[in-house]
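Here's the structure, in structure tokens; my notes come after.
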Amino acid sequence: YTFYLASRDGSRLLLDGEVIIDHDGLHGPSEQAGAALLMAGPHELRIEYFHATKAARLDVQYEGPGITKQPMPATALRHPATQ
């Protein structure tokens, strides 16, 4: 799977505790990508973000087997208490 994180200013995407994308620092809107091999089953996804200047922006997209690049749908996410 490939994950895409677009932000203005700092952001990170962690998967199962491992940093997949580190897009830190003060910067204009831009996107970075990172890949991970995922086995079937639930995984812990964490997005960290800070905003310092101008208009805020944070977009998360993904793509993988049979999935074209798209925003991550709410149906792909579950709160840990419901797993």
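The values are calculated or read from the model by the stated rules, or taken from the named source; none is laboratory data. Keep in mind the model is a prediction, meaning the values are calculated, not measured. Note: ideal-geometry Cβ built from the backbone for every residue, glycine included; neighbour counts use all protein chains shown. Accessible surface is based on the protein model in full, side chains and every heavy atom, while ligands, DNA and RNA are left aside. Shrake-Rupley method; radii C 1.70, N 1.55, O 1.52, S 1.80 Å.
Could you list the chymotrypsin sites (Phe, Trp or Tyr not before Pro) in region 1-42 that lie in coil according to DSSP, counting only those with at most 15 other Cβ atoms within 10 Å of their Cβ?
Details: sites: Tyr1, Phe3, Tyr4; in loops: Tyr1.
Sites meeting the loop and neighbour criteria: Tyr1.
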**Request:** Return the loop-located chymotrypsin sites (Phe, Trp or Tyr not before Pro) in region 18-81 (DSSP other than H, G, I, E, B) with at most 16 other Cβ atoms within 10 Å of their own Cβ; answer none if there are none.
**Result:** Phe50
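Please arrange His51, His27 by accessible surface area, largest first, computed with a 1.4 Å probe and ligands excluded.
His51, His27
Going through region 1-71, which trypsin sites (Lys or Arg not before Pro) have at most 14 other Cβ atoms within 10 Å and a DSSP loop state?
On the way: sites: Arg8, Arg12, Arg46, Lys54, Arg57, Lys69; in loops: Arg8, Lys54, Arg57.
Here the trypsin sites (Lys or Arg not before Pro) that fit, given the DSSP loop and packing criteria, are Lys54.
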**Message:** Within the chain, what whole-number % of the accessible surface is contributed by carbon and sulfur, with the 1.4 Å probe and all protein chains included in the calculation?
**Reply:** 53
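Quick check: with the 1.4 Å probe, what order do Leu26, Leu5 take by accessible area, largest first? It would help to have the intermediate numbers written out before the result.
On the way: Leu26 125, Leu5 0 Å².
Solvent-accessible surface, decreasing: Leu26, Leu5.
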**Prompt:** Remind me, relative contact order of the chain in percent, using alpha carbon pairs under 8 angstrom and six or more residues apart?
**Reply:** 35
**Asked** Taking the Cα-to-Cβ direction at Gln70 and at Thr53 and moving 7 Å from each Cα, how far apart do the two end points lie in nm?
**Response** 3.7
**Complete:** Rounded to the nearest 10 Å², the 1.4 Å probe accessible area of Thr53 is 70
